[in-house]
Amino acid sequence: MQLLDGKVVSAKIKEDIKQEAAEFLQEKGRKPHLVAILVGNDGGSETYVASKMRNCEMVGFDSTNIRYDVEISEAELIAKIEEINTDATIDGLIVQLPLPPHIDPEKITAAIDYRKDVDGFHPVNLGRMQRNLPCFIPATPYGIMLMLEHYNIDTAGKKAVIVGRSNIVGSPMSILLARNTQPGNCTVTITHSRTQNLREEVLQGDIVVAAIGKKNFVTADMVKEGAVVIDVGINRETSTETKSGFKLFGDVDYENVAPKASWITPVPGGVGLMTIVGLLKNTLEAAKGTIY
Ligand code: GUN
């Protein structure tokens, strides 16, 4: 078993991004600028946004975190998004999900100018991705593709099984792995809560992407010998063992699956770090105007 090491890959790509951000500053007299809107005080979301902001600083981007009380109306939030859409000093805008129930995430996603949609959630970016046109690719799937590319994992003609059909990970991942690119050219199966014979389906996978949001969901009996296993899960549990008071678990039973895998991502230290890289790369592209 070999490790798909998010620490190594993310550090290397972030060095490249840092270099490019310095060149951007030299040329344009300003830094690439990401704005993240956070509504309410979900613990996980707070951690993720703080990490995104910290990583922006690390690579020489400007970052702004706009926080709103959970009570903010949908109209107020859209008004702020429209203001940012026309602000030439801001390159990328993300609205952290989940949003409170009175705010429709589809409306919010559609309100963001697709040219600043560095999350790649806007229908324009999604449609362009499906057609293999230049676009912003959602950060987690983008990061996974960069990881597969870094380790030169040959995916062509292989069977990829994705566990989970979310808009953020499972669904875009299926498009990317099926595209005529390297990595890509896979025969893709998406499995979900209504899949019959889940174990048999996942067992077919030369590549398994676990993105279901349940601790230790993918067990050793579900994984083919020699499979490439990508664990997208970030399941937080309170713990007295760690300084933060939380411990992270993936969607894969790592201890028992790792001996069967040819390659595997750890949690933490795997896909999570690559998600940040995907977001930083999109923000840099937005600033440089290379996509739109
Ligand atoms: N919530 C979980 N993942 C993400 C993400 O990639 N972007 C945003 N905006 N919210 C999320």
Problem - Inter-label distance for Y68 and N185, nm, one decimal - labels placed 7 Å from Cα along Cα-to-Cβ - result: 4.6
Completion exercise
Once K7 and E225 are pulled to full extension, the length gained, defined as 0.36 nm per residue separation minus their Cα-Cα distance, is 75.9 nm
Practice task
Please compute the Cα-Cα pair-distance distribution of the chain with 5 Å bins starting at 0, giving whole percents from short to long.
Solution key: 1, 6, 12, 16, 18, 17, 14, 10, 5, 2, 0, 0
Practice task
Calculate the spin-label point distance for K215 paired with A88, positioning each point 7 Å from the Cα along the beta-carbon direction, and give it in nanometres.
Solution key: 5.2
Problem - Cα centroid separation - the range 66-140 against the range 227-284, whole Å - result: 25
Exercise for the section: Show me 26-37, 268-279, 130-141 ranked by packing, highest mean number of other Cβ atoms within 10 Å first. Expected result: 268-279, 130-141, 26-37
Exercise for the section: Please determine, in degrees from 0 to 90 and to the nearest 10, the orientation of helix 271-288 with respect to the longest principal axis defined by the Cα atoms of the chain, where the helix direction is its Cα long axis. Expected result: 40
Completion exercise
When all Cα-Cα pair distances of the range 139-272 are considered, the percent exceeding 17 Å is 55
Fill in the blank from the handout: Expected vector for the range 63-77, Karplus 3J(HN,Hα) from phi with 6.51, -1.76, 1.60 and θ = phi - 60°, integer Hz, x for Gly and Pro, equals 9, 10, 10, 9, 10, 10, 5, 4, 7, 3, 7, 4, 4, 5, 5
Handout entry: Ratio Rg/Rh [Cα only; Rh per Kirkwood] for the range 198-276
Key = 0.99
Handout entry: Cross-link pairs beyond the 32 Å C-alpha cut-off, checked among K52/K80; K224/K288; K18/K243; K52/K107
Key = K224/K288
Exercise for the section: Give the Rg/Rh ratio for the range 251-292, taking Rg as the radius of gyration of the Cα atoms and Rh as the Kirkwood radius, to two decimals. Expected result: 1.25
Exercise for the section: Step through the residues of the range 151-162 one at a time and calculate ³J(HN,Hα) from phi using the Karplus curve (6.51 cos²θ - 1.76 cosθ + 1.60, θ = phi - 60°), rounding each to whole Hz and writing x for Gly and Pro. Expected result: 8, 6, 6, 7, 9, 4, x, 7, 8, 10, 10, 9
Problem - Dipole of the range 28-129, positive direction: furthest Cα of H102, I112, A75, with charges on the beta-carbon - result: I112
Practice task
Could you calculate the contour length gain from K107 to N197, that is, 0.36 nm times the residue separation minus the distance between their Cα atoms, to one decimal place in nm?
Solution key: 28.8 nm
Exercise for the section: Determine the distance separating the Cα centre of the range 161-198 from the Cα centre of the range 8-26; give it in Å without decimals. Expected result: 30
Practice task
Work out, step by step, the length gained on full extension between E237 and Q204: first 0.36 nm times the residue separation, then minus their alpha carbon distance; give nm to one decimal.
Solution key: 8.8 nm
Handout entry: Over the range 28-129, volume per residue of the alpha carbon convex hull, in Å³
Key = 102
Fill in the blank from the handout: Asserting the computed 222 nm helical MRE of the chain (DSSP H runs at least 4 long, -39500 (n - 2.57) per run, divided by residue count, to nearest 500) equals -12000 deg cm²/dmol
Problem - Unit charges on C-beta of K, R, D, E only; dipole of the range 139-272, Debye - result: 320
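Each value in this text was obtained by applying a stated rule to the coordinates, not by laboratory testing. The structure displayed is predicted, hence computed values, not measured ones. Note that each Cβ is placed from the backbone with ideal geometry, even for glycine, and that neighbours are counted across all protein chains shown.
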